[in-house]
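The values are calculated or read from the model by the stated rules, or taken from the named source; none is laboratory data. What you are looking at is a predicted structure, and each value in this text was computed from that prediction instead of being measured. Cβ coordinates were reconstructed from backbone atoms using ideal geometry, including for glycine residues, and neighbour counts include every protein chain displayed. With ligands, DNA and RNA removed, areas are computed over all heavy atoms of the protein, side chains included. Shrake-Rupley method; radii C 1.70, N 1.55, O 1.52, S 1.80 Å.
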Amino acid sequence: MADDAGGGGPSDPLAAAAESGSLWWFGVVLSIVSSIISNLGVNIEKYALMREDARARLAAARALVRNGARRLPLTPVGEDSGSDNGYSMKPMTRRERRAQAIRDGKPRPYAGLPLWWAGLSLVVFGSLGDFAALGFAAQSLITPVGGVTMVANVFFAHFWLKEALSRIDLAGTAAIIAGVVLIAVYADKSEGTYTLDELIVLYEEPAFIIYAIVVGGGSVALYVAVRQIEKIYAAATVVGATGGLQRAKSRRYARFRSFHQFVYPTLSGVLGAQSVLFAKSTAELIKASFRGANQWTDPATYLIALCMFGAIFSQLHFLAEGLRRFDAVYVIPVFQCWFIVITIVGGAVYFKEFRDFDADQAVMFPLGVLVTLSGIVVLSQRRAPP
């Protein structure tokens, strides 16, 4: 870590306090507020997808009535081009085919929904807050504290979506709060400033190379698997005239459905954890620059920032795909568990955040993480609204 001799000491009291770790509590509060804002954004994204799905179903029903069909066509909805009776001698333009598909019940992609973008803006705003929080405390402290997003999820579901609040919800909420308190008390609160050269040395550590291979290889394997399952899923969702064949396809997909809904939040959580690692690295470079040693003259600094944005995009993409297909009461907890666990592992491997733990911390910090994760699992048992 950079010392004061090289950079002439922190340039202001805030930087000095952040480096000494005395502002860890500010990072915790900022992380909690940012997590609540991000969760509100995710709920708005889910609401936008649900509303679009309802619109598409209604449009498909109207298209059936308009075309006088007794069953859905064998081809996917929206593939027929032409007039209301399904036939047209004049070729349609790409824009006209897209508009016709939407009228016939094809859901618009999430990127085409204004309300989804409104939710994304809150997620981005909350992520910026999390990014700032990483400048005041270790990622192994900031990320588990973000588990309060599940508490916010219950709050929004009850007071906004008017869902019932059960004893299970209260028990899960209490467990998360208790776990967060344990983590905040026993986490490592010492902070320093890393230069680019020091970060590169950490990237070259054998333990981190193994971590990168496992995370990268696992993510690629999951992505390849989900692409294959998507093909089976697409075939199973096309209702055709050959009922026997269609039922066989549906039975084939049923064997993969549990894994299918598990993969999306897992990929989102694992890749999102890498965004935290790169964000922490970027925050360290910014802190070092404020201390007088400019870290933005080397292309490697921009590569780290680019990797951060790439990981964030991947996290948002796979989370949106999971929310489109499956219930948020399942997707969000699975995402949150993987996000917390992999982020803690990444902080331990890369920044060696557990190196100075004493005996109490070695016992109580993992206990706090387990209590938090147990609360998330309990909240995942909430039933989706009918």
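Among residues of segment 314-339 that are part of a helix (DSSP H, G or I), those with a beta-carbon under 8 Å from a residue that is charged (D, E, K, R) at least six positions away or on a different chain give the pairs Ala320/Glu45; Leu323/Glu45; Leu323/Lys46; Arg324/Asp53; Ala328/Lys46; Val329/Arg382; Val329/Arg383.
Here Asn67 does not fit the description of being open to solvent by less than 90 Å² (accessible area, probe 1.4 Å), among the polar types (S, T, N, Q) and modelled with pLDDT of 75 or more.
Please go through segment 292-308 and pick out each residue that is assigned to a helix (DSSP H, G or I) and either touching a residue at least 12 places away in the same chain (Cβ under 8 Å) or surrounded by 23 or more Cβ atoms within 10 Å (Cβ to Cβ) (or both).
Filtering segment 292-308 for residues assigned to a helix (DSSP H, G or I) gives 299-308.
Within segment 292-308, Ala300, Thr301, Ile304, Ala305, Cys307, Met308 qualify.
The set of residues from segment 337-355 being closer than 27 Å to Asn43 by Cα and open to solvent by less than 10 Å² (accessible area, probe 1.4 Å) comprises Ile340, Thr343.
Quick check on Ser289: is it within 21 Å of Tyr203 (Cβ to Cβ), of a type outside the set (Val, Ile, Thr), open to solvent by 10 Å² or more (accessible area, probe 1.4 Å) and part of a helix (DSSP H, G or I)? Before you say what the answer is, go through the steps one by one.
Numbers: within 21 Å of Tyr203 (Cβ to Cβ): yes; of a type outside the set (Val, Ile, Thr): yes; open to solvent by 10 Å² or more (accessible area, probe 1.4 Å): yes; part of a helix (DSSP H, G or I): yes.
In short, yes.
Here segment 356-382 is the region considered, the condition is being of a type outside the set (A, V, I, L, M, F, W, C), more than 30 Å from Lys46 (Cβ to Cβ) and in contact (Cβ under 8 Å) with a residue 40 or more places away in the chain, and the residue that is least open to solvent (accessible area, probe 1.4 Å) is Gln361.
A Cβ distance below 9 Å, combined with a sequence gap of six or more or placement on separate chains, defines the contacts here; from segment 251-264, residues that are on the phi < 0 side of the Ramachandran plot and surrounded by 11 or more Cβ atoms within 10 Å (Cβ to Cβ) reach residues that are part of a loop (DSSP other than H, G, I, E, B) and among the polar types (S, T, N, Q) in the pairs Tyr253/Thr237.
Looking at the structure I just gave you, is Lys280 of a type in the set (Lys, Arg), over 21 Å from Val263 (Cα atoms) and open to solvent by less than 10 Å² (accessible area, probe 1.4 Å)? Yes, satisfied.
A count restricted to segment 132-164 and to residues that are modelled with pLDDT of 80 or more and open to solvent by 50 Å² or more (accessible area, probe 1.4 Å) stands at 0. Among the conditions (1) buried (at least 24 other Cβ atoms within 10 Å of the Cβ); (2) out of contact with any Lys or Arg (no Cβ under 9 Å at 6 or more places or on another chain); (3) closer than 24 Å to Ile176 by Cα, the only one that Phe318 does not satisfy is (3).
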